[in-house]
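The values are calculated or read from the model by the stated rules, or taken from the named source; none is laboratory data. The shown structure was predicted, so the numbers you read here are calculated from the model rather than taken from an experiment. Every residue, glycine among them, receives a Cβ derived from its backbone with ideal geometry; neighbour counts consider all protein chains shown.
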Amino acid sequence: GISNVERTPSSIELFMNGAHMATGRYEVGDVNLKSETSRNIDLNFIYERDGYFGNLSFFRNDVDNYIYLQDETEEEHEEHEDEHDHGGLIRADYLQGDALLEGYELEIGRSFALGSGELELSFARDALKAEFASGGYLPRITPPRNIFAARYTQDTLDLKMSFKDVESQKDTGVGEMVTDGYQMLNLNMTKSFVFSDTERLSVTVFAKNLLDEIARNHASFVKDEVPLPGRNIGLRVNFQYN
């Protein structure tokens, strides 16, 4: 589809002038920000036949006056150091510039009978490229990812496995550091016990980041200080009744 979208700046983007502890930033808005205008193209293809399935999506967003939050550089910090230390926080200003965002999302897979249940295998990949018209990359853009998944269902049993291979992000914005890639293995098993039409007990055993990788989310403001959670294994019990 084709669309044309206009977005006015938010009150935070216009008037913010203070600490935002969740991001570790001292954010400064700009009352002179203009409205964003985005011309968008989206193409979607879906396939389903004989147990095979596939989804493919392309998108292109041509944005005028794209609004983003930009950390000050070390040189700018040294210039402002005598004026205000911002409580030890990094100063970040709301800026804007024309930008082009292009990307795709792909998923293919197959489901088939196995024993008395059903097995589904799939592969997915997504990638995004985001650049300013004047040159340079937008900040905090997610890197390409490959996701391998398997799921087996049998009556009241549900088994899931996913392996996520996240590439390093080298297309960095001003002041950003390269973020290393990582692999994430997650396992999940759920067994349900049905007592009646209105009562159901579900017991789930899960293991996340089973490889105990040191993983960082490039889109996070605090990626360098706070990595994603390490290996964690747990049990969850859920009782439903009406």
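Here are a few things to note about the model shown:
- Selected residue [surrounded by fewer than 12 Cβ atoms within 10 Å (Cβ to Cβ) and part of a helix (DSSP H, G or I)] from GLU6, GLU13, GLU75: GLU75
- Residue within the stretch 166-182 that is at pLDDT 95 or above and on the phi > 0 side of the Ramachandran plot present: no
- Qualifying residue in the stretch 86-106 (condition: modelled with pLDDT under 95, over 23 Å from ASN4 (Cβ atoms) and either surrounded by fewer than 14 Cβ atoms within 10 Å (Cβ to Cβ) or of a type in the set (Phe, Trp, Tyr) (or both)): yes
- Test for ILE214: is it in contact (Cβ under 8 Å) with a residue 12 or more places away in the chain and under 22 Å from PRO144 (Cα atoms): yes
- Filter result (assigned to a strand (DSSP E or B), of a type outside the set (S, T, N, Q) and over 30 Å from ASN40 (Cα atoms)) within the stretch 101-119: ARG110, PHE112, ALA113, LEU114, GLY117, GLU118, LEU119
- Within the option set PHE45, PHE59, PHE53, being without any contact (Cβ under 8 Å) to a residue 24 or more places away in the chain, of a type outside the set (Gly, Ala, Ser) and either part of a strand (DSSP E or B) or in contact with a Phe, Trp or Tyr (Cβ under 7 Å, 6 or more places away or on another chain) (or both) holds for one residue only, PHE45.
- Count of the stretch 17-36 residues, restricted to those that are modelled with pLDDT under 95, touching a strand residue (DSSP E or B) at 6+ places or on another chain (Cβ under 7 Å) and part of a loop (DSSP other than H, G, I, E, B), is 1.
- Matching residues in the stretch 143-162 - criterion: being outside any strand (DSSP E or B) and either touching a Phe, Trp or Tyr at 6+ places or on another chain (Cβ under 9 Å) or surrounded by 17 or more Cβ atoms within 10 Å (Cβ to Cβ) (or both): PRO143, PRO144, THR156
- Test result for GLY97, part of a loop (DSSP other than H, G, I, E, B) and either out of contact with any Asp or Glu (no Cβ under 9 Å at 6 or more places or on another chain) or under 28 Å from GLY18 (Cβ atoms) (or both): no
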